[in-house]
Every structure is written in C-alpha cells, then in structure tokens.
Amino acid sequence: MTTFLITGVSSGLGRAFAQGALDAGHTVVGTVRKDADLTAFEALAPGRAHGRLLDVTDDEAVFSVINDAEAAVGPLDVVIANAGYGLEGVFEETPMGAVRAQFETNVFGAAATLQAALPHMRARRSGHLMAVTSMGGLMAVPGMSAYCASKFALEGMLDSVRKEVAGFGIHVTAIEPGSFRTDWAGRSMTRAERSIPDYDELFEPIRAARLKASGNQLGNPQKAAEALLHILDVPEPPAHLVLGSDALRLVRQARKAVDDDIRTWEALSRTTDFSDGAQITSN
C-alpha cells in the first residue's frame, strides 16, 4: 500500500483525492486548517487517515509537518501539493496585496510542500511529487489574472524540478483540472471588488456565468481521483495530467494560439541572432 501526504483535504479535489486513496486501502496524511475538519477527515478511515493542522504559507510549519509524518506515519510515497484557492478579478481592480496572497498559497505553499518532501524521497531514490495546478496554468482567461499567473508559475517550477530529480527515481506530475463540481467557484473563491465601469461589458457576464455554473460543472471529482490513482501504477507517469474534456479543449486552443503566433513572427524572431553565428563569450 502507498502512503500519501495531501495538503488541503477538507474539501474540493483535495478531499476527493484523499477519499479515493483511502477507499483503495492506502494511507493518507491530510492537512487542514481547522480542528473540526481534522476530526472529520480522520473519521473517514480511522488508523489510515492522519490529519494535520497546517497553514501552507508557514514554511517552518510545512517542513515540520512533513518531517513528522515521515517519522510518525511512515515514508511518504506520494506528496500532492493541493492547497490553494481562486482569486477572481480584473487585473486593474485587483489589489497588490491580494495578488501577493494568491502567490503565497498557490506558489510558495506548494514550493515548501515539495521541497520539504524532497530530501526524504531523494534518500530513498523513489517517490512521486505532484501539485494541482489548473487548466489555468496552461491557458488564461480574463478576470483571473492573478490566479492564472500563480498556476503558470507553478507549472514552470514543476517542469524544472522534474528535470532536476529524474535521476533520483522521483516522478513529478502537474495535475491540471478543468471545471470540477466542487466549491472552488463558490466559497473557495476570493473576489476582488468592482470599481471601474469600463470593464463591466467584458467582465460582468463572466462573473455571472461562473456563479451560475458553480455546483453544475462538468468534472466529476471521484473520477479525477481514479485518474490520479491510475497514473501511480504506470512505469512512466505523465509530466502533465490534464483532467476534463473542457480542459483538453481550452488548453489545446491556447497552445495552438501560441504556436500560431510563433509561426507568424518566426522571421522577425530570427533577425535577432548574430548574422555570422558568433557566440557571446565572457572572460
């Protein structure tokens, strides 16, 4: 059986991932922020569901929880940096403090979680690091600039880490969900206040549609958990696990747009090389 550590298991996909792993007979260390959520989580599978209180923006606490889990529960085979939240708002209207807070949780919280687990996995020459990014880490939509920026940043970090640890037998996977039937767009969403009428025509329909869709999204969290468990049993797990047909469609559209732009401006891009092919060197 496998031992997981998953941050943010009180609700949403984190809870679904933890429930799926527990139902399959695995052991899960799950982090939450409230005592009541800790008690509820441990009741899911007494003896195999181990709750820990944690604010992932507290670096020292993150390292302490993971080191304690390794000592008290056992070697962590899979670590999933899931804790995060959405920040909705037009870029010009979003306070810088809100942007920084978004990065503190979605980027630095995930970074601390993965970095704390790495020494243990490296010593064992095995393990699987995962982080929940989003389809918004591979494509962007208006009104979610801070959120998408945080997920793009996480994608870049994971791509680099993957190449650093491949020689140690450690896998790294970015989990990129589309819209799932969780409370992400409801109580888990922070919304910047509206203040600039010029954006009304663009953004008000987007906000209204997101609120209307909350609770009726296409994605099934249980099936997302099944997909995650599936990749643990393959010899070469994916670097990118896109979840949901909506995510597949939107990510493909975004990647095509980038490819088209590169192709259109390829000739101009090439003009910036030294014409003789000489390399810049330093003494």
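At-a-glance table
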| quantity | calculated |
| --- | --- |
| The range 128-167: C-alpha gyration tensor shape, a/c 1.5 cut-off, then a/b vs b/c | prolate |
| Separation of the VAL258 and HIS240 label points, Cα + 7 Å toward Cβ, nm | 0.6 nm |
| Simple spin-label estimate for LEU248 and ASP233 in nanometres, 7 Å along Cα-Cβ | 2.1 nm |
| Residue list for the range 200-234, given a label point 7 angstrom along the Cα-to-Cβ vector of ARG162 and an amide N cut-off under 15 Å | 231-232 |
| Cut-off 12 Å between beta-carbons: net charge of the residues surrounding PRO177, Lys and Arg +1, Asp and Glu -1 | +1 |
| Candidates GLY156, GLY127, GLY97, ranked by Gaussian network fluctuation over the chain, Cα under 10 Å, top entry | GLY97 |
| Sequence of GLU88, GLU176 once ranked by neighbouring C-beta atoms within 10 Å, starting from the fewest | GLU88, GLU176 |
| Alpha-carbon Rg/Rh ratio, for the range 125-283, with Rh computed the Kirkwood way | 1.07 |
| Neighbour-count ranking [beta-carbon atoms within 10 angstrom, fewest first] of GLU236, GLU155 | GLU236, GLU155 |
| Geometric extent, Cα atoms of the range 59-174 - Rg, Dmax (angstrom) | 15.3, 47 |
| For the chain: span of alpha carbons on each principal axis (Å, largest first) | 63, 55, 34 |
| For LEU5, LEU38, order by how many other beta-carbon atoms lie within 10 Å, fewest first | LEU38, LEU5 |
| Net +/- balance of residues flanking ARG255 in space, Cβ distance below 13 Å, scoring K and R +1, D and E -1 | -1 |
| FRET efficiency for GLN222 and LEU53, using Cβ-Cβ distance with R0 set to 22 Å, rounded to 0.05 | 0.25 |
| Helix-only CD estimate at 222 nm, as mean residue ellipticity for the chain, using -39500 (n - 2.57) per DSSP H run (n ≥ 4) | -14500 deg cm²/dmol |
| Debye, to nearest 20: dipole size of the range 3-269, +1 on Lys, Arg Cβ, -1 on Asp, Glu Cβ | 540 debye |
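Computed from the coordinates by the stated procedures, all read-outs in this text should not be read as laboratory data. Since we're looking at a predicted model, the values are computed, not measured. Neighbour counts are summed over all protein chains in view; Cβ atoms, including those assigned to glycine, are modelled from backbone coordinates with ideal geometry.
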